[in-house]
1. Taking segment 141-184, which residues are under 17 Å from residue 206 (Cα atoms) and among the charged types (D, E, K, R)?
2. Does residue 200 satisfy the condition of being charged (D, E, K, R) and in contact (Cβ under 8 Å) with a residue 40 or more places away in the chain?
3. Scan segment 45-52 and tell me whether some residue there is closer than 17 Å to residue 236 by Cα and either outside any loop (DSSP other than H, G, I, E, B) or at pLDDT 90 or above (or both).
4. Give just the number: which of (1) at pLDDT below 95; (2) of a type outside the set (A, V, I, L, M); (3) more than 15 Å from residue 104 (Cα to Cα); (4) outside any loop (DSSP other than H, G, I, E, B) does residue 249 not satisfy?
5. Can you pull out every residue in segment 168-192 that is closer than 15 Å to residue 130 by Cβ and touching a residue at least 60 places away in the same chain (Cβ under 8 Å)?
6. Can you give me the number of residues within segment 170-216 that are assigned to a helix (DSSP H, G or I) and of a type in the set (Lys, Arg)?
7. Quick one: count up the residues across segment 24-44 that are without any contact (Cβ under 8 Å) to a residue 60 or more places away in the chain and part of a helix (DSSP H, G or I).
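The values are calculated or read from the model by the stated rules, or taken from the named source; none is laboratory data. Owing to the predicted nature of the structure, the values given are computational and were not obtained by experimental measurement. Cβ placement follows ideal geometry from the backbone for every residue including glycine, while neighbour counts extend to all protein chains displayed.
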Amino acid sequence: MTAPSLILLGHGSNDPQVPQVSHQIREGLLAIRPELDIHVAFLDHCTPSGIQVVNKLVNRGVEEIVFVPLLLSDAFHVQADVPALLSQVKASFPELRAIGPETQLLSIIDRRLRDALRARHVAELDGLVFAAAGSCDIRSNALVARRARQWATHHRLPCVTAFATGSGPSTAEAIRTLRGQGRRHIAVGSWFLAPGLLYRHQADLAFQAGAVAVSAPMGGEPEIAEVALIRYVIAAMDLVDLHELETADQEPAPVRHLSVVSA
């Protein structure tokens with residue numbers, strides 16, 4: 001059986017650094033599994049779009065596709081943008097499910113923040129802010145807050161979760177909350193994949209509010225590729241299970257399947 005094709009669905013942007021991260025993740029996946037058929041598509045601003053890649057694969061005779069949205073939570077993009085895209089191909093690829101982020105990605109934030117602290121010659125911390133894109137979905141924000149608590153517990157420092165969109169404090173408001181508790185050396189860990197507008201705005205707000213350092217976005221680090229591969233494998237196994245449900249005495253009809261998971 002041929003392995004399903006994989007489409008990494010990333011954010012587009014007029015800033016070339018943003019789509020570049022999606023291509024870096026593809027390269028990381030190919031380094032692990034060079035035999036896989038892996039493509040990059042974008043939700044906005046950049047080409048190719050998801051539907052363009054799907055049409056290309058269908059024309060090649062591909063019958064199974066796994067989408068892995070390169071999103072760090074089940075944010076509004078998964079709840080709205082991705083289903084809007086998939087509605088265009090849903091009749092041919094009916095399977096849809098989403099999975100949230102992994103704790104192992106916190107190690108990337110640690111590395112990025114250590115680099116930022118060294119660059120700014122910071123030797124003391126007494127507070128942390130965990131900055132994320134945020135969502136209009138309460139469950140998604142709760143999951144991000146859970147990751148922030150895990151991160152804070154690991155470092156044994158007070159931490160406030162900040163969101164660039166949706167409900168919740170901005171990075172500046174989170175820093176002011178910690179300052180109200182007597183904290184003076186506050187750094188920001190960034191739960192962002194690429195240096196888009198949301199990240200840059202929150203970083204600017206953080207420095208204006210007195211943050212001693214702000215970590216860079218995660219980028220195309222190996223852990224991201226590993227998580228994307230795990231999501232792909234889970235979805236591919238589900239597609240196999242669907243085939244196995246066909247009865248032996250029933251003539252199997254040609255069918256295409258689509259599965260969607262999130263990094």
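1. Answer for segment 141-184, where residues must be under 17 Å from residue 206 (Cα atoms) and among the charged types (D, E, K, R): 173, 176, 179, 183, 184.
2. When the stated conditions are applied, residue 200 does not pass them.
3. no
4. (4)
5. Once the filter is applied, which keeps residues that are closer than 15 Å to residue 130 by Cβ and touching a residue at least 60 places away in the same chain (Cβ under 8 Å), segment 168-192 yields 186, 187, 188, 189, 190, 191, 192.
6. 3
7. Number satisfying all stated conditions: 2.
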